[in-house]
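Just so it is clear, none of the values below were taken in a lab; they were calculated from the coordinates. Note that the coordinates shown come from a computational prediction; the quantities given were computed from them, not determined experimentally. Neighbour counts are summed over all protein chains in view; Cβ atoms, including those assigned to glycine, are modelled from backbone coordinates with ideal geometry.
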Amino acid sequence: MDLRHLRYFQAVATLLNFSRAAEQLHVAQPAISRQIRDLEYEIAVTLFRRSCSRVQLTEAGKYFLNQTGLLLELLNNAVAKTRQIGEGATGQLNIGSDWNIPAPISVSVRQFRKLYPKFHVISAQEWLISWAGENPSQSMAEGNQTAVSHNQAARRGETSAVRGTGT
């Protein structure tokens with residue numbers, strides 16, 4: 001089974017018409033019929049009740065439509081997110097500072113957020129609390145060197161690197 005089978009199935013199941021589905025997909029109607037027949041054979045289930053005048057989904061077909069819709073949506077989201085990451089349009093920017101962020105940096109951060117709305121910008125303190133929980137000093141006391149080094153970088157006023165979040 002490949003994605004073509006699922007996309008063809010979804011078109012026919014949504015339109016309940018093989019000819020209109022073929023038209024929508026810019027494919028010959030016999031090709032759609034063959035792919036649906038192959039899909040039904042592969043999963044060993046009848047997905048459609050066919051008659052001369054109409055096409056209906058079976059109960060199995062209704063379930064399969066729901067599941068393939070979720071699967072194709074997940075795939076489309078994965079492709080879109082991958083493109084955003086590849087274009088550098090998403091990720092996380094961590095900014096380290098002992099106190100409030102100085103005004104010139106604050107203006108730059110606002111401009112950055114406008115240019116890259118999918119980036120998540122947080123201060124070192126926010127990152128440390130989200131990473132270590134409500135008591136970052138306890139995590140550091142337990143010997144977590146990552147938290148210690150990040151906190152030390154924040155005290156020196158360093159800015160950490162931009163990295164993709166993968167979410």
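Of everything listed in (1) among the charged types (D, E, K, R); (2) out of contact with any Leu (no Cβ under 8 Å at 6 or more places or on another chain); (3) without any contact (Cβ under 8 Å) to a residue 12 or more places away in the chain, the single unmet condition for D38 is (3).
Residues that are touching a Lys or Arg at 6+ places or on another chain (Cβ under 9 Å) and either under 11 Å from F64 (Cβ atoms) or assigned to a helix (DSSP H, G or I) (or both) within segment 1-20 comprise A11, V12, A13, F18, listed in sequence order.
Residues in segment 1-30 that are within 31 Å of the chain's Cα centre (by Cα), free of Cβ contacts under 8 Å to residues at least 12 places away in the same chain and surrounded by 13 or more Cβ atoms within 10 Å (Cβ to Cβ): L15, R20, A22, E23. Pairs are defined by a Cβ separation below 6 Å, a sequence spacing of at least 6 or placement on different chains, a first member in segment 60-72 that is touching a residue at least 12 places away in the same chain (Cβ under 8 Å), and a second member that is surrounded by 14 or more Cβ atoms within 10 Å (Cβ to Cβ) and assigned to a helix (DSSP H, G or I); the pairs so defined are L65/A13; T68/L6; T68/Q10.
Being part of a loop (DSSP other than H, G, I, E, B) and aliphatic (A, V, I, L, M) is the filter here, so list the residues in segment 40-55 that pass it. Reasoning before the result, please.
Within segment 40-55, the subset part of a loop (DSSP other than H, G, I, E, B) is 44-47, 51-54.
Passing the criteria: A44, V45, L47.
Residues of segment 36-80 that are acidic (D, E) and closer than 16 Å to M1 by Cβ: D38, E40, E42. Looking only at segment 31-45, count how many residues are surrounded by 13 or more Cβ atoms within 10 Å (Cβ to Cβ) and of a type in the set (S, T, Y). Count: 1.
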